[in-house]
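All of the numbers you see were taken from the coordinates with simple rules; none came from a lab. Just so you know, these numbers come straight off a predicted model, no measurement behind them. Positions of Cβ are generated from backbone atoms using ideal geometry, with glycine treated the same way; all protein chains shown enter the neighbour counts.
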Amino acid sequence: MIFTIFGDYVRHYGNKIWIGSLIQLMKEFGHNEQAVRVVLSRMMKQGWFETERDGRKSYYYLTKRGVSRITEAASRIFKLEPHNWDGKWRMLMYTIPEDKRQIRDELRKELLWSGFGNFANGCWITPNDLAKEVQLLIEKYEIEDYVDLFISEHQGPKSNHELVAKSWPLEEIEEKYEQFITTYSKQFIIATSAMESGQMSDAQCFVERTNLVHEYRKFLFIDPGLPKELLPDMWSGSHSAHLFAQYYKLLAEPASRFFEHVFEKDNDLSRKDEAYNAEDYPMIIRE
C-alpha cells in the first residue's frame, strides 16, 4: 500500500513525504503508526527508500531503484490497449550455479515481474523488447558470466499461440480479470451514485482510488503484457483496463484533493509536478 501511495501520489509531489503525513494517510486504511514505521524500515533495508531529516522531522523518498520500479509499473498500469508485435521472440538462458541459488530465485521473481514466461528449465521467453530490463538485472545480480540473451524467430512446428500457452497460464489470468470486472463494475456504479448524491467524502474517494490501484497493480505480477497478436480474441484484460480507467477518472479529483489536504500541512506542495493532473486521465497514460 505504501508503494501504491508513492506511485500514485507522492512521486508527483517531489517524491518526498514527511512520515507523519504518510502515517495519517495509512490510518485511512486501518494501519497504525507502529506498523507503518516497521514496514518503512524493512523497505529501506531492501533498497526501496531513503530518509532525510529536517529538524525533528523525518522525510522518506524513493531511491533511484524505487523510482525506476514505480515508473515501470505506472507505464504498464495505465496502458489501455495491447501493443503491436514485431514478430520477434526474446530468449533468456542462464546456468546459475547452485551456490548462487538465492540470486537465481530472486532473478526468477524479477523475470516474472517483467513479463517473461518460463518456457523450459533455465530458459525464459518474451515477445516484448525487454533488453534494457534484462541488462539492469544482469548488472544488479552480477551474473554476466551465466546469462545469454537472444532475439529470434519461431519457425515451428508449433504455433506462436502454443508457445504462449506453454509459457503463461492465460486461462488463470483471464479468470482473475473476470473477478476484477465483476467486483469493480458493481463498485463503479455504487460510487457514481454516491458521488452524484454527495454521499461520498474526499477521504472515501482517496481510499477507494488507492485500493483500486492497489488491486489492479497485482496484475503486473501475473499478466506478461502480451501483444494483441498473441492474445485470445476475447481477452478480459482489455475490458478490465477500460473499467479501471473509467473508475480511476471518476475518483481522481476528490481523491487528490484529500491527499493534498494532508500533504500540504507539513510538505512542500509547490513541488507538485505541473505535468500531472489527476483529473485528466489520458495525461497520466501518456506519462
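For Gly14, the amide hydrogen comes within under 5 Å of the amide hydrogens of Asp273, counting only partners 5 or more places away or on other chains and with H modelled in the peptide plane. Report summary: the helix-based calculation at 222 nm, which adds -39500 (n - 2.57) for every DSSP H run with n ≥ 4 and divides by the residues of the chain, gives -17000 deg cm²/dmol. Do the alpha carbons of any pairs in Lys166/Lys249; Lys79/Lys132; Lys79/Lys186 sit beyond 30 Å of each other, and which pairs? Table pairs above 30 Å Cα-Cα are Lys166/Lys249.
Using the structure shown, select from Lys64/Lys272; Lys57/Lys218; Lys27/Lys64; Lys100/Lys176; Lys45/Lys265; Lys100/Lys228 the pairs with a Cα to Cα distance greater than 25 angstrom.
Going by Cα-Cα distance, Lys57/Lys218; Lys27/Lys64; Lys100/Lys176; Lys45/Lys265; Lys100/Lys228 fall outside the 25 Å limit.
Report the normalised scattering of the chain as log10 I(q)/I(0) at q = 0.12 Å⁻¹, calculated by the Debye formula with identical scatterers on the alpha carbons. Normalising to I(0) and taking log10 leaves -0.88. By definition, a body whose alpha carbon gyration tensor gives a ≥ b ≥ c is rounded when a/c is under 1.5, and the range 2-66 falls into this rounded group. The long axis of helix 202-216 is offset from the longest Cα principal axis of the chain by roughly 10 degrees. Net charge in the neighbourhood of Thr210 (other residues with Cβ under 9 Å of its Cβ; Lys, Arg +1, Asp, Glu -1) is -2.
Rounded to the nearest 0.05, what FRET efficiency do Glu50 and Lys166 have when you use their Cβ-Cβ distance and R0 = 45 Å? Using R0 = 45 Å, I get an efficiency of 0.60. Extending 7 Å from the Cα toward the beta-carbon at both Lys79 and Ser270 defines two label points whose distance is 3.8 nm. Angle of helix 170-196 to the longest C-alpha principal axis of the chain, folded into 0 to 90 degrees and rounded to 10: 20°.
Taking the longest Cα principal axis of the chain as reference, the axis of helix 236-263 is set at about 30 degrees. Only Cα pairs under 8 Å and 6+ residues apart enter the sum, and on that basis the relative contact order of the range 89-152 stands at 57 percent.
Each Cα pair under 8 Å and six or more residues apart adds its separation to the average, and for the chain the resulting relative contact order is 27 percent. With 0.36 nm allotted per residue and the present C-alpha distance subtracted, the Met234-Met1 stretch has 80.7 nm of extension available. Across the range 56-207, counting alpha-carbon atoms alone, Rg and Dmax equal 20.7, 67 Å.
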